[in-house]
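Below you'll find the structure, written out as structure tokens, and then a few comments.
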Amino acid sequence: MDFAPTARAQQFHDLAQDFIGTRVVPELPGYLAEARAHPWQVPPVVETLKAEARAAGLWNLFLPDDRYGPGLSNTEYAPVAELTGRAMPLAPEVFNCNAPDTGNAEVLVHYGSDQQREQWLTPLLAGEIRSAFCMTEPGVASSDAANMAATATLAGDEVVLNGTKWWSTGIGHPDCRFVIFMGVTDPTAHKYRRHSMVLVPTDAPGVEIGRMLPVFGFFDEPYGHGEVSFTDVRLPADAIIAGPGRGFEIAQGRLGPGRIHHCMRAIGLAEVALELACRRATDRVAFGKPLANLGGNRERIAEARLAIDQARLLVLRTAWLLDQHGVAGARNEVSQIKAVVPRMACDVIDMAIQIHGGAGVSDVFPLAEMYAGARALRLADGPDEVHLGMVARAELHKYAEGVGA
Ligand SMILES: Cc1cc2nc3c(=O)[nH]c(=O)nc-3n(C[C@H](O)[C@H](O)[C@H](O)COP(=O)(O)OP(=O)(O)OC[C@H]3O[C@@H](n4cnc5c(N)ncnc54)[C@H](O)[C@@H]3O)c2cc1C
């Protein structure tokens, strides 16, 4: 395993670092203020920065396929994803590398038909439209993808959708033009062959966007996490991705690289929190000493550095395994990072909040919002416990197949 960046990876890293530092970070406070003032509208600076980033070659960096961008491997892209995590949520969209569009693009690349790619992937990769992923339902425990109860029923040459989804990230974006919907097609089939994934235009009759759900009071405008109802939505059957019954398989396949991206962005977030903590701890004085020299603060700062660096190494190893062996060959490690990194980011941000005193939980610093984002990551893409269960199963399997099964 060699984590030394290739010349190409170093080049993209340096280019992204410069662009984020000089163009994105200075625009971030204004962007956030505007997004709050006019939720569900896109601040104009986004299109300006997208055009500049695209011209600089910083576009669609997440796809390890040179038909769609520079074709960086997961290991090459991971450090760039970390950099984008330092300027959330603006940098990922500016590079056309934001979730859930990245995961949806991967689905279309791997499972879509030529016609589906032409209709949805091409404008998505051009940054002209956005998308959402509608799997989780309020009515069932959605940690278990096999539980989804919404229906995608075949009727002649059509598929008819019914059900309610929620936590559909990105559905509030004014450019969100399609969603990927998961529903039961054949309730009598094996539980992993019951569901289908369907491409649904957001303006299809019967699709209704409901309320947006806050995360600790933050709405993540202009993307949002919304409730969406589907009432007798009729679409041609060729809107089903890869044919009926493949939904569970696609849901599983979708989540490998996306978790690397989420984790590296969370590491970028943790780095910002540590940086803020160190500045506050050295600038501010209490009881005659800088905060850093009070109580256990030096150790807390050291522990944060250890935790971030350990987490990064684990993610890079996972990215490397993914590049070598594909999603199937890195499943255990993908679960490991999904459990480790959001918890680490929460701990580091929480430490930084504490060092900031009352200002830490206010809007004077971005820490409260950063904490909300990191905490939600312990649930999004499956809660910690599901991933720990996967790791335990792989571990126990070495000793007793009966326990591990
Ligand atoms: C900010 C945010 C964004 C999201 N974006 C999307 C999106 O774009 N699209 C989408 O479809 N969904 C999205 N989700 C939903 C997310 O994937 C689900 O919330 C998650 O999978 C858990 O499902 P649930 O909420 O139904 O919890 P439940 O399934 O009800 O689980 C509740 C709790 O039960 C426990 N539990 C569950 N399984 C186990 C287990 N095997 N072992 C031990 N304990 C267990 C865990 O503590 C878990 O947190 C998002 C969620 C959040 C918070």
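What follows is calculated from the coordinates using simple rules that are stated; it is not laboratory data. The structure displayed is predicted, hence computed values, not measured ones. Note that each Cβ is placed from the backbone with ideal geometry, even for glycine, and that neighbours are counted across all protein chains shown.
Here are the numbers:
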| read-out | value |
| --- | --- |
| Count of residues meeting criterion [under 18 Å from Tyr192 (Cα atoms) and either in a loop (DSSP other than H, G, I, E, B) or hydrophobic (A, V, I, L, M, F, W, C) (or both)] in region 123-149 | 13 |
| Residue among Ala242, Ala286, Ala266 that alone is buried (at least 17 other Cβ atoms within 10 Å of the Cβ), out of contact with any strand residue (DSSP E or B) (no Cβ under 6 Å at 6 or more places or on another chain) and closer than 21 Å to Val361 by Cα | Ala266 |
| Residues located in region 346-400, provided they are acidic (Asp, Glu) and near the ligand (Cβ under 10 Å from one of its atoms) | Asp381, Asp384, Glu385 |
| Test: residue in region 211-228 that is aliphatic (A, V, I, L, M) and away from the ligand (no atom under 12 Å from the Cβ) | no |
| Pairs where the first residue, in region 373-392, is closer than 19 Å to Asp347 by Cβ and the second is within 6 Å of the ligand (Cβ to nearest atom) and not hydroxyl-bearing (Ser, Thr, Tyr), C-beta under 8 Å, 6+ apart | Gly373/Val215; Arg375/Val215; Ala376/Val215; Ala380/Trp167 |
| Those residues of region 197-235 which are more than 27 Å from Phe248 (Cβ to Cβ), without any contact (Cβ under 8 Å) to a residue 60 or more places away in the chain and of a type in the set (D, E, K, R), in sequence order | Asp203, Arg211 |
| Selection from region 137-162 of residues that are within 12 Å of the ligand (Cβ to nearest atom) and buried (at least 21 other Cβ atoms within 10 Å of the Cβ) | Met148, Ala150 |
